[in-house]
């Protein structure tokens, strides 16, 4: 029996998180869209046997076709998504992540938006980050809530396959889950309008993270340099208008204090260090204004605020050198 070509293919990259991909698949299998009108392509970037068995077990009893793939070469979310959409059967490709829970009408609403607006090359859905009431969010929770106001994220996006073919998909130099979706968005805009499918909603619960997650996230800035090299004007318009001069000032003042102390100039050294410390405290206060005041969280914010400027400047300059772009 010949299978009907689906109207939409869902591409879900995953990395060694079998419980999360199972939760995502359960939400996808509960869609209001008829089961024969879509397929699901799971791309295992972690080459994880537990994930493979979990996905294949779900696929055996599902009415919707679920395919499990592993990229032949390369790693990272851009590689995984390229592997997925290139294997997709439908003319429309929907992207989401393994840590999301698409609403039941997600696919129906996203597909309807593209069918209604035929001039759109893609559409961005809406991301909802559930909040726990009764207490302010942590810094990490607040950062995750930023997904709700993002212009275009691959946690919830619908793209015509022909547009992906024309652009050759995602730039695989983006090795982390950072800015690869912005780069695709900016290139899609060169082909035509990218609309909003506001009724196509996915839930993105905040995942628990280890202490100091903000320090580990500074490595992402390396790929800001690549995005800046490819789209310098639009980067300054839509991502970051000015460099983080306060970070650079903290670094310069701290180094100056060290050099002045070695040169037996204690008063200027103390002055430089005092100004640097004041800037660090101001940065920490900005992060704490709208977030939790629990003692453990306050300590984390103070400690990480002292380290972030140095890590950020390091990765920014390293990215500028690596990608040969005047990025600060």
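For residue 277 and residue 166, what does the FRET efficiency come to when R0 = 45 Å and r is the distance between their Cβ atoms, rounded to the nearest 0.05?
E(calc), rounded to 0.05, equals 0.30.
Would you mind pulling out the separation of the Cα centroids of segment 145-161 and segment 64-119, in Å?
Centre-to-centre distance over Cα atoms comes out at 12 Å.
Rounded to the nearest 0.05, what FRET efficiency do residue 246 and residue 149 have when you use their Cβ-Cβ distance and R0 = 30 Å?
Numbers: r = 23 Å, r/R0 = 0.77.
Between residue 246 and residue 149 the formula returns 0.85.
Counting only DSSP beta bridges with both residues in the chain, tell me the antiparallel percent, nearest 5.
30
Given segment 6-121, report the % of alpha carbon pairs whose separation exceeds 21 Å.
32
Which residues does a label at residue 86 reach in segment 137-170, if reach means a backbone N under 12 Å from a point 7 Å past the Cα toward the Cβ?
Only 165, 168-170 pass the distance filter.
What is the ratio of the Cα radius of gyration of segment 68-109 to 2.2 N^0.38 Å, where N is its residue count, to two decimals?
Numbers: Rg = 12.0 Å, N = 42, 2.2 N^0.38 = 9.1 Å.
So the Cα radius of gyration is 1.31 times the expected 2.2 N^0.38 Å.
Cα convex hull of the chain: how many Å³ per residue?
So the per-residue Cα hull volume is 155 Å³.
I'd like the FRET efficiency for residue 60 and residue 238, computed as 1/(1 + (r/R0)^6) with the beta carbon distance as r and R0 of 56 Å, rounded to 0.05.
0.80
Can you give me the relative contact order of segment 148-276 as a percent, contacts being Cα pairs under 8 Å and 6 or more apart? Present the calculation step by step, with values, prior to reporting the outcome.
Numbers: 64 pairs, mean separation 23.2, N = 129.
Worked out over segment 148-276, it gives 18 percent.
From the convex hull of the Cα coordinates of segment 211-328, what is the mean projected area in square nanometres?
If I average the Cα hull's projected area over directions, I get 8.6 nm².
For the pair residue 318/residue 119, report the inter-label distance in nm, with labels modelled 7 Å from Cα in the Cβ direction.
Here the modelled spin labels are 4.5 nm apart.
Normalising by the residue count of segment 8-209, find the relative contact order in percent from Cα pairs under 8 Å and 6+ residues apart.
27
Coordinate-derived values only; no laboratory data. Given the structure is predicted, the values throughout are model-derived calculations rather than measurements. With ideal geometry, Cβ positions are generated from the backbone for all residues, glycine too; neighbour counts draw on all protein chains shown.
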